[in-house]
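Data first, discussion second: the structure below is written as structure tokens.
The values are calculated or read from the model by the stated rules, or taken from the named source; none is laboratory data. Bear in mind the structure is a predicted one, so any value in this text is a computation, not a measurement. When we count neighbours, we look across all protein chains shown, and the Cβ atoms used for this are built from the backbone with ideal geometry, even at glycine.
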Amino acid sequence: MLCATSRLLAARTATALPAQPRGRGPGARCRRRELHFPGHPELDLDDFLTGRLARPSVPVGRRAILRRGRMPPAVGGGPARSELRPRRGRCGPQTARVVGPDETAKPAARSRKRPGWGSRHFEAAGRWALLALVTLLSFATRFHRLDEPPHVCWDETHFGKMGSYYINRTFFFDVHPPLGKMLIGLAGYLSGYDGTFLFQKPGDKYEHHNYMGMRGFCAFLGSLLVPFAYLIVLELSKSLPAALLTAALLTFDTGCLTLSQYILLDPILMFFIMAAMLSMVKYNSCANRPFSAPWWFWLSLTGVNLAGALGVKFVGLFIILQVGWNTISDLWHLFGDLSLSVVTVGKHLTARILCLIVLPLTLYTATYAVHFMVLNKSGPGDGFFSSAFQARLSGNNLHNASIPEHLAYGSVITVKNLRMAIGYLHSHRHLYPEGIGARQQQVTTYLHKDYNNLWIIKKHNTNADPLDPSLPVEFVRHGDIIRLEHKETSRNLHSHYHEAPLTRKHYQVTGYGINGTGDSNDFWRIEVVNRKFGNRIKVLRSRIRLIHLVTGCVLGSSGKVLPKWGWEQLEVTCTPYLKETLNSIWNVEDHINPKLPNISLDVLQPSFPEVLLESHMVMIRGNNGLKPKDNEFTSKPWHWPVNYQGLRFSGINDTDFRVYLLGNPVVWWLNLLSIALYLLLGSIIAVAVQRGAHLPAEVEGLTQVLLRGGGQLLLGWILHYFPFFLMGRILYFHHYFPAMLFSSMLTGILWDTLLRLWAWSLASSSLARGLYVVGNLSLLLGTAYSFYLFHPLAYGMVGPLAQDPRSPMAGLRWLESWDF
Amino acid sequence: MLGFLKHPVVVTADINLNVVALTAMGLLSRLWQLSYPRAVVFDEVYYGQYISFYMKRIFFLDGSGPPFGHMLLALGGYLGGFDGNFLWNRIGAEYSSNVPVWSLRLLPALTGALSVPMAYQILSELGFSHCAAMGAALLMLIENALITQSRLMLLESVLIFFNLLAVLSYLKFSNSQKQRPFSPSWWFWLTLTGVACSCAVGVKYVGVFTYLLVLAVAGVHAWHLIGDRSLSNVSVLCHLLARAAALLVVPAAMYLLFFYVHLSLVYRSGPHDQIMSSAFQASLEGGLARITQGQPLEVAYGSQVTLKNVLGKPVPCWLHSHQSTYPMIYENGRGSSHQQQVTCYPFKDVNNWWIVKDPGRHQLVVSNPPRPVRHGDVVQLVHGMTTRFLNTHDVAAPLSPHSQEVSCYVDYNISMPSQNLWRLDIVNRDSDAGVWKTILSEVRLVHVNTSAVLKLSGAHLPDWGFRQLEVVGEKLSRGYHESTVWNVEEHRYGKSQEQKEREVELHSPTQMDVHRNLSFLARFLELQWRMLTAKSDGSEHKYSSSPLDWVTLDTSIAYWLHPRTSAQIHLLGNVVIWASASLATVAYTLLLFWYLLRRRRKICDLPEDSWLRWVLAGALCAGGWAVNYVPFFLMEKTLFLYHYLPALTFQILLLPVVLQHISDHLCRTQLLRSLFGALLVAWYSCACHVFNTLRPLTYGDKSLSPSELKALRWKDSWDILIRKY
């Protein structure tokens, strides 16, 4: 019976695999099994599936140790008894082979029947073949019907457009770091896309434009997620069935599939996250040979991938936290190992600082350097940045301009607010309407360049024309009392104890006086932030505040839009709260003064660190600005793991080509169940251990896999999911997918362990083996079948909606909230 | 059994005179001239109005915290015989004679005073010397900010009291765990921990951080207990169950109890009603209940109803229509259907009435017997005053161009046929044949032709729409959202056939009688939800500050200024204590890391018991500081210096811990130790001196001259008020 089952399985796998390892005859295995492990089938089965065997090079003594750590696969190089990080010398044989994915060494060396070289060769080839199969299947599903629909889907309109901006070298602004879009642009460039498609709105036809390069690039990275997950699970659990289950879950998940098929940042982000995780796991298993070549390789690769993840989206921070946690606990263990000298620990620490902090930071900065170098033309992103920044962009009116450097009395200037999207200080001939403060001339801020933005700096006490050539040039200094006269209307910037039109707690700002003659309410003290008294004031670079002399308030803009009487420009107020906020800080942009020598603005150009800092500030502010409105439907984090609601990628009506981003419910609900089961099982085991229960060696090995490997994955899931509950910004369903990858890997490990535990608890070995095989197979096949049911979601469908019995999705709308 | 006959009954009193003295000093410092500024001081203006609401039994909603704190303040008012008649509108307003200022301020002052001896107790329970414990209490005693905050009708001192009580009782409990588990005192302290935690949460939500800290410490201790092999499985289970009951069940029950008392105290309708759902409003006395009392429950064909949006944001409003039509062309050049406007109107109005009509019949009155409308039925809605049908069609809405316009159909525009059939979707139905119920049913109106859903978009229409709110047909309704859900608020069975009579009928009030009530749990859940989602007006405040300013005391708050002299009350900390407490926290952290690293290398600097004491003290004091401080960085509301006081209290407790540790373990010779002791005395006198200097600003009892005030302005950012004469 036992042999029959395994033969059956062998036959089945052999059909799927071109080079299935068939090292040992099933008959021999059966016999041996009875001999060594009564009532404990897993080892053999695993043996059978992985074709595991001992290397002849293993010294006898070590082999003995390894054999004790029986429950095999799980225990890996014997970490059952060691700490998280296997100590030096414990698992020698394994480490020599860490590099290859096939080398998931298992220690169950059978010294008695050592297979020959040929069969070993076969088994290694088999494991390679299995990996190849997984990869192939993943690529096949991701690239199938990649060109459909031939129109812009969902956020392709953003990221495709941004890719084009790189090709056209036009400056733009986005809330995410640049790496992902740069890669998309690069892929498009290499595949012959010329950057001419406009990507205006979802639904636009691509027509002759070559979009396949960009989609193909994203699909390529998306396809790699599956083999990565496979390898991670294999490395953590040393169990092929677990890895296979994970691979199946991800391959057959419609959500991952959909998300990988379009020009989006998510496949790129997930690629880097998984690559970082994989290299971290790999370098963990090199821990017993520190400072060896593979160790350095994986360690620095982790750093590179971290930089990649953070460079695509800021949520890459979560994987950094995970790697950081892993590193800290690793160092803590090393530090507690008294056999290591402090100097050695110091070396470890330095290596990690170099590879995991310095290297990623350098790479991350480098992406920005490339970003700013490539995007050197003025474009739609200019307005978000400061005047000094804009001077860098060719095509902008500040580029290559030359203006006087220091402000002097008589200069004509424009004053720009430092907060994003507020604009220039502005006034015009219209008065504030009746009932709104004093009926004097309006002062607002205005985003566009205009003659009404020009102001003349005058001394507060004389009205003499400072441009009179007989007078010497007098520079404006920090702390001076000045008057600002509006050039077009000759009224002074003025404030007084009247309520501002919209912000009731602030004072009104008006234009007052005739031909420059007003009253003492026109006097302002000009101050440069963080400077000493007496310093001159620089164009562009100085951050200035204007403080009203009489009331002591600060000139600022509330950012609120005035009603129609104010031409929907923004409100300017004088705020009595003296805190330094960007709303009340200004800089001088244009500057005309015939008496002063012009200098090229290049001198004033910000340095690279300043540019870097500024673009981060703008991005963070942009992200915080994405707030949901009350009356809109928004996706809530709790919706995600339950697969409560999908996202429409394309199409609404029954005549459209419809693509709907929704996880395969079977996979997702299995994941959800697995997390609950994992927590339950984990706490039972932890309590049992804490109570001092003695677990049998086999169970001990399994629990180690469950607690250590599973624990890392659970941490990954938590880190990639729970922070979203704290985020104020608008959230979307696709934010969950990195967490979903971790959750699927946890599912793989959990079910494999559960089945092994269950099989172990059964008395009859044949029943146990049968149960294990049937359990794994049914999970695999069930997932595959559910994919067959739900695949139209990802590959697109035309025809009636799901309510209609003729629809391909008829009867599959299991939740009312899904609309496809 | 009858032991008392054989032996004399003896009561041994064990009085720690230190505690008595500390309590007395605490009371003196907090209660002295308690009713002195007989005027509204700072946030009293805010809490005072809630006290008045309690006195008048009027329902209110305050998103800033659960009701227990407010109730405690109101208790003071109740005991002082306050009738609630005072207009809390201005800081600095003189209290009228009916306001019992002393008793209103008594409770916060008492809790503030008791915090002083509690600091002593906590340090002794932590196993530190009597000297260190005295030090902690004396520091609490002369902390100006704590005194100021305790002497007014504010809640921070109450919160601090319950925080400390929770920590103290947990320590007492865990100390008695070692000797006599399951003894009465063990149970007492365990339960008191839970009760104190729930009280802290009940006063302010931030109390939850201390609760979590205590839970975490209890969790770690319980985990050690599980690992204790000398205990049987059953006794471990008993231990765990007792803890779970006292630390999880009791607080939850207490929290519910606060709301129960709150809801039974404030049963009258008041100014905040509008925020609540119709059902909640109807459960209050007066207000909506007076109108809806006795309405027929089941909506029938021919019913006259008003429909209220369930979300009610930005303002609660009712479905409304009026004679005016949509402008032919909008300002941006788009066209409209030019039919009658349908809006959402935030005031009661006769134009809010709609008649539910059966599409198959012409009658607009209720038949006898009434035919109830059920889930899934198709209905028409007729506007009562204009007799036009609620309609939507494929025309972009005025402000939300992605949604459909909703109008009352006018038949002059023949190119646009009427599409006025709506399917009723009762969201909270019991069964698929559920009947549409007044107030209780939440319904969605789904348009039959286009399957658009009637929705409040939240945008204000321009002047042509009288600034009312826009109502649209949402085509892409992704699942449930409260803005698409409506409920019937006012309801009566229509009787008049003729339009003229009907208009008269619509103008007359509805009257009939049945009584409805919501269960406590439903009311609690709704109230709690509204409190948590209530938006604080994120307006900036002159004295708001950021958490970074707090540690260095870079900010102050002017609480009150005497109307004539320059006597004033300021929230200002004792600079010496703040600085040294922060230093102590840094020192503790560094030392802890140092010891941890050395222990990892198997070098133990401290004996095991003093190491454990050091760690536990750090977990509770430094941990208490961290959990009460760090979360503020993530909060988006307006923050003030007084939010730091709970964290500061824990930091003050940490100070003597660090000092004693330095003296015991780092001063190696007797000489050094004596020197250190002398230094401490000097330092404490310095703190006393600062306390004394700032005292006029703490109590506000002495008018200082401008030059003296200027001399007190030690930091530029302190906003001490100086009168210009």
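Taking the criterion of being more than 14 Å from chain B (Cβ to nearest Cβ) and part of a loop (DSSP other than H, G, I, E, B), the residues of the range A:664-706 that qualify are A:ASN664, A:LEU695, A:PRO696. Among the residues of the range A:711-735, write down those that are within 14 Å of another protein chain (Cβ to nearest Cβ) and of a type outside the set (A, V, I, L, M). Within the range A:711-735, A:PHE722, A:PRO723, A:PHE724, A:PHE725, A:GLY728, A:ARG729, A:TYR732, A:PHE733 qualify. Which of the residues belonging to the range B:542-558 are more than 13 Å from chain A (Cβ to nearest Cβ) and outside any loop (DSSP other than H, G, I, E, B)? Result: B:PRO547, B:TRP550, B:VAL551, B:ILE557, B:ALA558.
Per the listing B:TYR267, B:TYR255, the residue uniquely surrounded by fewer than 18 Cβ atoms within 10 Å (Cβ to Cβ), of a type in the set (Ser, Thr, Tyr) and under 30 Å from B:GLY77 (Cα atoms) is B:TYR267. Restricting attention to the range A:615-663, the residues that are part of a loop (DSSP other than H, G, I, E, B) and either within 14 Å of another protein chain (Cβ to nearest Cβ) or under 17 Å from A:ASP819 (Cβ atoms) (or both) add up to 25. Cβ separations smaller than 8 Å between residues 6+ apart or across chains give the following pairs from the range A:711-736 residues that are farther than 19 Å from A:ALA676 by Cα to residues that are modelled with pLDDT of 90 or more and in a loop (DSSP other than H, G, I, E, B): A:PHE733/A:TRP640; A:HIS734/A:LEU264; A:HIS735/A:TRP640. For the range A:464-495, a tally of residues being within 22 Å of A:ARG429 (Cα to Cα) and either surrounded by fewer than 20 Cβ atoms within 10 Å (Cβ to Cβ) or polar (S, T, N, Q) (or both) returns 6.
Residues of the range A:321-346 that are within 13 Å of B:ARG600 (Cβ to Cβ) and either without any contact (Cβ under 8 Å) to a residue 24 or more places away in the chain or outside the structural domain of A:MET277 (by the TED database) (or both): A:ILE328, A:LEU331, A:TRP332, A:PHE335, A:GLY336, A:LEU338, A:LEU340, A:VAL342, A:VAL345. Based on what the data block shows, is B:LEU263 in a helix (DSSP H, G or I), away from chain A (no Cβ under 14 Å) and under 23 Å from the mean Cα position of the chain (by Cα)? Judged against the criteria, B:LEU263 is a match. As a summary of the residue check, A:VAL554 satisfies the conditions (1) in contact with a Cys (Cβ under 7 Å, 6 or more places away or on another chain); (2) surrounded by fewer than 18 Cβ atoms within 10 Å (Cβ to Cβ) except for the one numbered (2). Scanning the range A:670-699 for residues being within 25 Å of A:LEU278 (Cα to Cα) and more than 27 Å from the chain's Cα centre (by Cα) gives a total of 2. Restricting to the range B:327-346, name every residue that is buried (at least 17 other Cβ atoms within 10 Å of the Cβ) and in contact with a strand residue (DSSP E or B) (Cβ under 6 Å, 6 or more places away or on another chain). Of everything in the range B:327-346, those that are buried (at least 17 other Cβ atoms within 10 Å of the Cβ) and in contact with a strand residue (DSSP E or B) (Cβ under 6 Å, 6 or more places away or on another chain) turn out to be B:SER337, B:GLN339, B:GLN340, B:GLN341, B:VAL342, B:THR343, B:CYS344, B:TYR345. If you go through the range A:756-783 and pick out every residue that is exposed (fewer than 15 other Cβ atoms within 10 Å of the Cβ) and either at pLDDT 90 or above or part of a loop (DSSP other than H, G, I, E, B) (or both), you end up with 6. Among the residues that make up the range B:324-344, is at least one of them within 23 Å of B:ASP273 (Cβ to Cβ) and either modelled with pLDDT of 90 or more or part of a loop (DSSP other than H, G, I, E, B) (or both)? Yes; the residues of the range B:324-344 include at least one that is within 23 Å of B:ASP273 (Cβ to Cβ) and either modelled with pLDDT of 90 or more or part of a loop (DSSP other than H, G, I, E, B) (or both). Cβ-Cβ contacts under 8 Å between residues 6 or more apart (or on different chains), taken from a first residue in the range B:297-323 that is within 14 Å of another protein chain (Cβ to nearest Cβ) to a second residue that is aromatic (Phe, Trp, Tyr), are listed as B:ASN309/B:TRP318; B:ASN309/B:TRP486; B:VAL310/B:TRP486; B:CYS317/B:TYR345.
Within the range A:553-581, the residues that satisfy the criterion of being among the small types (Gly, Ala, Ser) and either within 12 Å of another protein chain (Cβ to nearest Cβ) or in contact with a helix residue (DSSP H, G or I) (Cβ under 6 Å, 6 or more places away or on another chain) (or both) are A:GLY556, A:SER557, A:SER558.
Within the range B:221-241, restricting attention to residues that are assigned to a loop (DSSP other than H, G, I, E, B) and over 25 Å from B:ALA619 (Cα atoms), which residue is nearest to the other protein chains (Cβ to nearest Cβ)? If you could, list the steps in order and put the result at the bottom.
Filtering the range B:221-241 for residues assigned to a loop (DSSP other than H, G, I, E, B) gives B:228-232.
Those still in the list that are over 25 Å from B:ALA619 (Cα atoms) too: B:229-232.
Working: B:ARG229: 5, B:SER230: 11, B:LEU231: 10, B:SER232: 11 Å.
Per the criteria, the residue is B:ARG229.
Go through the residues of the range A:390-401 one by one and say whether even a single one is crowded, with 16+ Cβ neighbours inside 10 Å, in contact (Cβ under 8 Å) with a residue 60 or more places away in the chain and not in a loop (DSSP other than H, G, I, E, B). No, the range A:390-401 contains no residue that is crowded, with 16+ Cβ neighbours inside 10 Å, in contact (Cβ under 8 Å) with a residue 60 or more places away in the chain and not in a loop (DSSP other than H, G, I, E, B). Those helices (runs of 4 or more DSSP H) of the range B:592-694 in which 1 or more residues are closer than 17 Å to B:ASN574 by Cα and in contact with an Asp or Glu (Cβ under 9 Å, 6 or more places away or on another chain) occupy B:645-661. Screening the candidates B:GLY65, B:GLY48 for the property of being under 18 Å from the mean Cα position of the chain (by Cα) and at pLDDT 90 or above yields one hit, B:GLY48.
Conditions tested, residue by residue: (1) among the hydroxyl-bearing types (Ser, Thr, Tyr); (2) away from every other protein chain (no Cβ under 14 Å).
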residue: B:SER441; (1), (2): yes, yes
residue: B:VAL446; (1), (2): no, no
residue: B:SER451; (1), (2): yes, no
residue: B:LEU454; (1), (2): no, no
residue: B:PHE466; (1), (2): no, yes
residue: B:LEU469; (1), (2): no, no
residue: B:GLU482; (1), (2): no, no
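With a requirement of 2 or more residues that are touching a Lys or Arg at 6+ places or on another chain (Cβ under 9 Å) and crowded, with 24+ Cβ neighbours inside 10 Å, the helices (runs of 4 or more DSSP H) lying completely within the range B:76-154 that satisfy it span B:101-125, B:144-150.
Listed here are the residues, each with its yes/no results for (1) free of Cβ contacts under 8 Å to residues at least 60 places away in the same chain; (2) in contact with a helix residue (DSSP H, G or I) (Cβ under 6 Å, 6 or more places away or on another chain); (3) in the same structural domain as B:HIS661 (by the TED database).
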site: B:SER103; (1), (2), (3): yes, yes, no
site: B:ALA132; (1), (2), (3): no, yes, yes
site: B:GLY135; (1), (2), (3): no, yes, yes
site: B:LEU146; (1), (2), (3): no, no, yes
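Does the range B:202-213 contain at least one residue that is within 14 Å of another protein chain (Cβ to nearest Cβ) and hydroxyl-bearing (Ser, Thr, Tyr)? No, the range B:202-213 contains no residue that is within 14 Å of another protein chain (Cβ to nearest Cβ) and hydroxyl-bearing (Ser, Thr, Tyr).
Where helices (runs of 4 or more DSSP H) fall wholly inside the range A:187-298, the ranges with 2 or more residues that are within 21 Å of A:PHE318 (Cα to Cα) are A:212-237, A:254-260, A:266-285.
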